[in-house]
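Remarks on the structure that follows.
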Amino acid sequence: MIDADVVVGLEVHCQLDTKSKLFCGCSTDYRNDGPNTHVCPVCLGLPGTMPVLNRRAIEYAMRVAKALNCTVIPESEFSRKNYFYPDLDKAYQVTQYDKPLALGGYVEIEGDDGKERRIQLTRIHVEEDPGRLVHMGNAERGRYSLVDYNRAGIPLIEIVSEPEMRSPKEARKFLNKLRATLEYLGVFDPEKEGSLRVDANISLRGSERVEIKNITSYKGVERALTFEVTRQKNQLRRGLKVDRETRHYLEARGITQSARSKEQENDYRYFPEPDLRPLRVQSWVKDVKLPELPDARRERFVQQYGCSLNHARTLTGELKMANFFEAVVAGDGNGLCKLAATWIADTLAGELNYRSMGIDVLDAKRFTGLLVLLKAGTITDKSGIEVMRVMLDERLKGETVETPEAIVSRLNLAKTTGDDTALLGAVHDVITENPKAVEDYKAGKNGALNFLVGQTMKKTRGRADPGELNRLMVEALKSAEQ
Ligand SMILES: [Zn+2]
């Protein structure tokens, strides 16, 4: 397996979900407002202004550091990173350099071999987000760019991993785990556009390292890395070498492209930020409390609800899904756990994904109602899916969402019973209409019975219990033989 040669490291920038910016009182809730409306002399970098550190941002960063098993450094320091770029109004970024807030730590993921594996972290540091350039037209050929400083000064943490991931898929798992942890900590909103940005470095063992800059989506990271693995392998296969370089990921085309200007080793002339004191947190870090984190909750779901490890992993992989599951099973007291795990993790998750909906749009009580109908055998699994789709589509269209009972009654989805004349009628119709399949069945051909049962399912629109229908069909075929 050639993939064993892949080595991936990630630098993940996450916006901390504080109310105000890192060094001033400007609101961070800028996404629906016009450009340059959330700015003040401090975050515009006007001369003579002084930064005031946001206590909440440091508290959030320490929560992350503790949750990721890092060592919080008692005295860290902010530094100026000097460079010129139009989105950086001060011509320097306030960041942490040689004395970051936290060192070490790890993230546990399910490795490609199925075993839990620790990906070691190098460090976590705090810094300010630069502004945002809006290119008019195409980034390469556009005539000019506009700059929006609403984002300038938003608190960021940068989480740097060791190069320990062995495939693009492991990188995705790492990010998913990180996102879940940050969400559980209440310090990060993954749904906000641009709240997470990733620089990835990748090399095939023994050759040069390539850095891919500024990937802005979770899926993008895996895609960009997959593209790079193929590109680099092709280079080596053709006897060429892989250049050490920085590349950009073009999201729309799913490819990486060499950054046009060769980025040389920049000399950022870091020096300690003279307007901020060293950050001393020794007495503070002890008081930083952590909530239940994804791994602990996963274990609890296995113990308390009897979930399979896979279901527990899916359910706890997103805070909202975990909360939804617990709300659904609490509504009934007991007995629905297994059913709820399967229906939420396997079925509902897919339907939501297909509609690009979040799980929080659904009412847990309604979902419990659906599971009760399934458990009681009032409807078949197939009808259950139909009821769920109706509820989701009603929500999507902004209509009133019906109760599962109302949908079952309106669409006549209640399961047929063995002595149901309509069902028996359908069985006999199918036998009459498909003489060839009946012949095949008699000749002992595999699949003929399944075909006949399938045809009857279609006629009864999935209302019949498949096992029951199978039995009725075999009986009917037997009596047709005599
Ligand atoms: Zn400001």
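The values are calculated or read from the model by the stated rules, or taken from the named source; none is laboratory data. It should be emphasised that the depicted structure is a prediction, and the values quoted were computed from it without experimental measurement. Note: ideal-geometry Cβ built from the backbone for every residue, glycine included; neighbour counts use all protein chains shown. To get the accessible areas, we keep the full protein, side chains included, count just its heavy atoms, and leave off ligands, DNA and RNA. Shrake-Rupley method; radii C 1.70, N 1.55, O 1.52, S 1.80 Å.
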Rounded to the nearest 10 Å², what accessible area does Asp267 show when all protein chains are kept and the probe is 1.4 Å? 120 Å²
Sort out for me the Cα centre separation of region 299-360 from region 395-425, rounded to whole Å. 24 Å
Förster radius 41 Å - calculated FRET efficiency between Leu411 and Glu162 (Cβ-Cβ, nearest 0.05): 0.15
Want the number for Asn36 to Glu468: 0.36 nm per residue separation, take away the alpha-carbon distance, what's left? 148.9 nm
Taking a crude spin-label model, label points 7 Å out from Cα along the C-beta direction, the Glu191 to Ala91 distance in nm is 4.2 nm
Would you kindly find the accessible area of Leu236, with a 1.4 Å probe and non-protein molecules such as ligands, DNA and RNA excluded, rounding to the nearest 10 Å²? 80 Å²
Where only alpha carbons of region 341-482 are counted, the Rg and the Dmax (Å): 18.0, 57
For Tyr218, Tyr270, Tyr249, give the ranking by accessible area with the largest first, probe 1.4 Å. Tyr270, Tyr218, Tyr249
At Thr71 and Thr400, where each label point lies 7 Å from the Cα along Cα→Cβ, what is the point-to-point distance in nanometres? 6.3 nm
Given 0.36 nm per residue, what is the gain on full extension from Arg209 to Glu110 after removing their alpha carbon distance, in nm? 33.2 nm
Using a cut-off of 22 Å between alpha-carbon atoms, which lysines can reach Lys233, once sequence neighbours fewer than 8 places away in the same chain are excluded? Lys169, Lys213, Lys219, Lys241
Between Asp267 and Thr347, Cβ-based FRET efficiency (R0 51 Å, step 0.05) works out to 0.35
Accessible area in the full protein assembly, largest first, 1.4 Å probe, for Met388, Met136: Met136, Met388
Cα to Cα, under 18 Å, and not fewer than 8 places away if on the same chain: which lysines meet these conditions relative to Lys375? Lys338, Lys365, Lys415
Compute the FRET efficiency between Ala480 and Arg118 as 1/(1 + (r/R0)^6), taking r as their Cβ-Cβ distance and R0 = 41 Å, and round to the nearest 0.05. 0.05
Quick one: order Leu452, Leu396 from most to least accessible surface, probe 1.4 Å. Leu396, Leu452
For Asp295 and Leu424, extending 7 Å from Cα along the Cα-Cβ vector and measuring point to point gives, in nm, a value of 6.1 nm
How big is the chain along each principal axis, measuring the range of its Cα positions in Å and listing the largest first? 98, 57, 46
Give me a comma-separated list of calculated 3J(HN,Hα) values for region 146-160, in order, Karplus coefficients 6.51, -1.76, 1.60 applied at θ = phi - 60°, integers in Hz, x for any Gly or Pro. 10, 10, 10, 8, 4, 7, 4, x, 5, x, 10, 10, 10, 9, 10
Dipole check, the chain, charges on Cβ (K,R +1; D,E -1), about Cα centroid: among Ala57, Ala448, Ala252 the Cα furthest to the positive pole belongs to Ala252
Positive end of the dipole of the chain, charges at C-beta (+1 Lys, Arg; -1 Asp, Glu), about the Cα centre: which of Leu370, Leu319, Ile154 has its Cα farthest in that direction? Ile154
Please list, by residue number, everything in region 13-46 whose backbone N is under 18 Å from a paramagnetic label point 7 Å out along Cα→Cβ of Leu133. 36
Run the accessible area of region 321-369 with a 1.4 Å probe and give the carbon-and-sulfur part as a rounded percent. 48 percent
Please give the per residue accessible area of the chain, computed with a probe of 1.4 Å over protein heavy atoms only, in Å². 51 Å²
